[in-house]
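Note sheet for the following structure.
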Amino acid sequence: MHVTHDPAAASSPTIDFNTFLAVDIRVGTIVDAKPFPEARKPAWRLWIDFGPVIGVRKSSAQITEKHPLETLVGQQVAAVVNFPPRQIGPVVSEVLTLGFPDADGKVVLVQPSKPVPNGGRLF
């Protein structure tokens with residue numbers, strides 16, 4: 001998974017709507033966050049509650065520079081919930097927490113502008 005973070009990069013090839021629908025992006029609330037010292041790049045371990053159907057899922061997120069650990073619990077974030085689990089060092093990441101690079105390439109989380117129910121799907 002390597003993509004360019006250059007805002008001047010060309011867009012990806014056109015996809016159809018069904019391909020978009022295959023990516024299940026949901027909102028959840030971070031219920032726990034811990035350091036992840038074993039990670040190759042600085043990261044936090046997150047536990048995100050996606051509501052009663054999906055439940056709490058784990059993620060590893062390289063968001064340490066823009067999101068201090070003590071500020072994360074209670075924040076809502078967007079994540080892809082239908083990728084297969086991925087082993088990252090000693091941790092299994094169950095969802096891909098989404099973010100955008102800022103002008104310096106540091107990750108800024110994708111978050112709703114107002115509170116929404118956990119488990120809501122992006123459309």
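The figures follow:
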{"item": "Test set (1) of a type in the set (Ser, Thr, Tyr); (2) under 27 Å from Ala22 (Cβ atoms); (3) surrounded by fewer than 13 Cβ atoms within 10 Å (Cβ to Cβ) - Thr97 fails condition number", "result": "(3)"}
{"item": "Where a residue in region 99-119 is under 21 Å from Ser60 (Cα atoms) and its partner, wherever it lies, is open to solvent by 70 Å² or more (accessible area, probe 1.4 Å) and not in a strand (DSSP E or B), with Cβ under 6 Å and at least six apart", "result": "Pro101/His5; Gly105/His5; Lys106/Glu65; Lys106/Lys66; Val107/Gln62; Val108/Lys66; Gly119/Val53"}
{"item": "Candidates Ile30, Ile54 - the one that is at pLDDT 95 or above, open to solvent by less than 40 Å² (accessible area, probe 1.4 Å), within 24 Å of Leu122 (Cα to Cα) and more than 13 Å from the chain's Cα centre (by Cα)", "result": "Ile54"}
{"item": "Lone unmet requirement of (1) free of Cβ contacts under 8 Å to residues at least 12 places away in the same chain; (2) in a loop (DSSP other than H, G, I, E, B) for Leu21", "result": "(2)"}
{"item": "Flag if Asn118 is touching a helix residue (DSSP H, G or I) at 6+ places or on another chain (Cβ under 9 Å), open to solvent by 60 Å² or more (accessible area, probe 1.4 Å) and assigned to a loop (DSSP other than H, G, I, E, B)", "result": "no"}
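The values are calculated or read from the model by the stated rules, or taken from the named source; none is laboratory data. As the structure is a prediction and not an experimental result, all values here were calculated from the model. Here Cβ is always computed from backbone atoms with ideal geometry, including for glycine, and neighbour counts include all displayed protein chains. Surface areas here come from the heavy atoms of the whole protein model, side chains and all, with no ligands, DNA or RNA. Shrake-Rupley method; radii C 1.70, N 1.55, O 1.52, S 1.80 Å.
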